[in-house]
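First up is the structure itself, then whatever we jot down about it.
The values are calculated or read from the model by the stated rules, or taken from the named source; none is laboratory data. Given the structure is predicted, the values throughout are model-derived calculations rather than measurements. Neighbour counts run over all protein chains shown; Cβ positions are idealised from the backbone, glycine included. Surface accessibility is based on the protein's heavy atoms, side chains included, excluding ligands, DNA and RNA. Shrake-Rupley method; radii C 1.70, N 1.55, O 1.52, S 1.80 Å.
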Amino acid sequence: MRALLIVITTCVVAGYAFGGRLSGLSTTRFRWWGLAVAGLLLQVGPVPGPILVPLLIASFAMLVVFALVNVRLSGFALVFVGITMNAVVITANFGMPVTRYALEESGQRDTIAILNSMDQTKHHIATDNDVLLVLSDWIPVPPPVKQAISIGDLVMWVGAGIFVVSAMRHPVVAPHAELAPSGPGDGVER
């Protein structure tokens with residue numbers, strides 16, 4: 001979660017640095033935005049063990065569809081690819097594998113014992129039985145962030161960054177806004 005907050009903050013700062021305004025984001029029209037809200041709520045809400053991973057997979061399906069229908073927006077092609085990468089590895093392994101190396105190097109040694117003691121979690125320690133480990137959480141982000149991330153996370157965050165900076169710099173003009181004439185030859189008689 002800390003990494004995501006850092007990414008969002010960095011994107012907004014970059015948007016301002018490139019001459020954008022935060023108000024530009026408010027004019028963006030997302031298609032099927034309810035899927036994104038539902039998908040994210042399924043990931044953060046309290047859920048009993050046996051249905052936790054199926055709901056996680058369903059949430060990623062919703063996020064993949066949301067990103068796909070919004071692929072026309074700058075950066076959303078990368079958001080779609082990143083979310084899809086995470087969805088594939090989670091579905092194939094019935095949860096996100098995370099390597100011991102990534103947990104140790106990111107300062108989360110205590111998480112290894114927690115994951116080993118739980119039956120149903122969104123994450124599990126990667127084993128020889130897991131597949132597509134190149135897409136798993138194997139990249140350590142050291143303290144103060146203390147997080148293990150995947151290539152899909154990185155791709156998604158780059159796409160989100162492109163989207164935020166672009167939307168801040170080039171807000172969509174409301175469809176009914178009329179431009180005033182600008183000078184000679186503009187059709188106004190004097």
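Just to be sure, is ALA61 open to solvent by less than 60 Å² (accessible area, probe 1.4 Å), closer than 20 Å to GLY152 by Cα and over 15 Å from the mean Cα position of the chain (by Cα)?
No: the conditions fail for ALA61.
With (1) open to solvent by less than 40 Å² (accessible area, probe 1.4 Å); (2) within 27 Å of PRO142 (Cα to Cα); (3) without any contact (Cβ under 8 Å) to a residue 40 or more places away in the chain; (4) not charged (D, E, K, R) as the list, and VAL7 as the residue in question, which single condition is left unmet?
The one condition VAL7 does not meet is (3).
Mind telling me which of the residues GLY24, GLY39 ends up being surrounded by 13 or more Cβ atoms within 10 Å (Cβ to Cβ) and under 21 Å from GLY152 (Cβ atoms)?
GLY39
Yes/no matrix, rows are residues, columns are (1) in contact with a strand residue (DSSP E or B) (Cβ under 6 Å, 6 or more places away or on another chain); (2) in contact (Cβ under 8 Å) with a residue 60 or more places away in the chain; (3) closer than 24 Å to LEU40 by Cα; (4) open to solvent by 40 Å² or more (accessible area, probe 1.4 Å):
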| site | (1), (2), (3), (4) |
| --- | --- |
| ARG109 | no, no, no, yes |
| LEU115 | yes, no, yes, no |
| VAL131 | no, no, no, yes |
| LEU135 | no, no, yes, no |
| GLY152 | no, yes, yes, no |
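Conditions: (1) open to solvent by 40 Å² or more (accessible area, probe 1.4 Å); (2) in contact with a helix residue (DSSP H, G or I) (Cβ under 6 Å, 6 or more places away or on another chain); (3) in contact (Cβ under 8 Å) with a residue 60 or more places away in the chain; (4) part of a helix (DSSP H, G or I). SER74 meets all but one. Number of the miss?
(4)
Restricting attention to segment 1-48, report how many residues are of a type in the set (Phe, Trp, Tyr), within 16 Å of ALA67 (Cα to Cα) and not in a loop (DSSP other than H, G, I, E, B).
Initially, segment 1-48 is screened for residues of a type in the set (Phe, Trp, Tyr), giving 16, 18, 30, 32-33.
Going one step further and asking which of them are within 16 Å of ALA67 (Cα to Cα), we end up with 30, 32-33.
Keeping just the survivors that are not in a loop (DSSP other than H, G, I, E, B) gives 33.
Adding up the residues that qualify gives 1.
Given the conditions (1) farther than 24 Å from SER166 by Cα; (2) modelled with pLDDT under 95; (3) out of contact with any His (no Cβ under 8 Å at 6 or more places or on another chain), report the number of the one that SER26 does not fulfil.
Condition not satisfied by SER26: (1).
Looking at segment 11-20 only, could you name the residues that are of a type outside the set (Val, Ile, Thr), open to solvent by 50 Å² or more (accessible area, probe 1.4 Å) and under 21 Å from the mean Cα position of the chain (by Cα)?
TYR16
From the list ALA148, ALA167, which residue is outside any loop (DSSP other than H, G, I, E, B), in contact with a strand residue (DSSP E or B) (Cβ under 6 Å, 6 or more places away or on another chain) and either open to solvent by 70 Å² or more (accessible area, probe 1.4 Å) or aliphatic (A, V, I, L, M) (or both)?
Going through ALA148, ALA167 in turn, just one is outside any loop (DSSP other than H, G, I, E, B), in contact with a strand residue (DSSP E or B) (Cβ under 6 Å, 6 or more places away or on another chain) and either open to solvent by 70 Å² or more (accessible area, probe 1.4 Å) or aliphatic (A, V, I, L, M) (or both): ALA148.
Would you point out the residue of segment 117-129, among those that are modelled with pLDDT of 90 or more and in contact with a helix residue (DSSP H, G or I) (Cβ under 7 Å, 6 or more places away or on another chain), that is surrounded by the fewest Cβ atoms within 10 Å (Cβ to Cβ)?
The qualifying residue surrounded by the fewest Cβ atoms within 10 Å (Cβ to Cβ) is ILE125.
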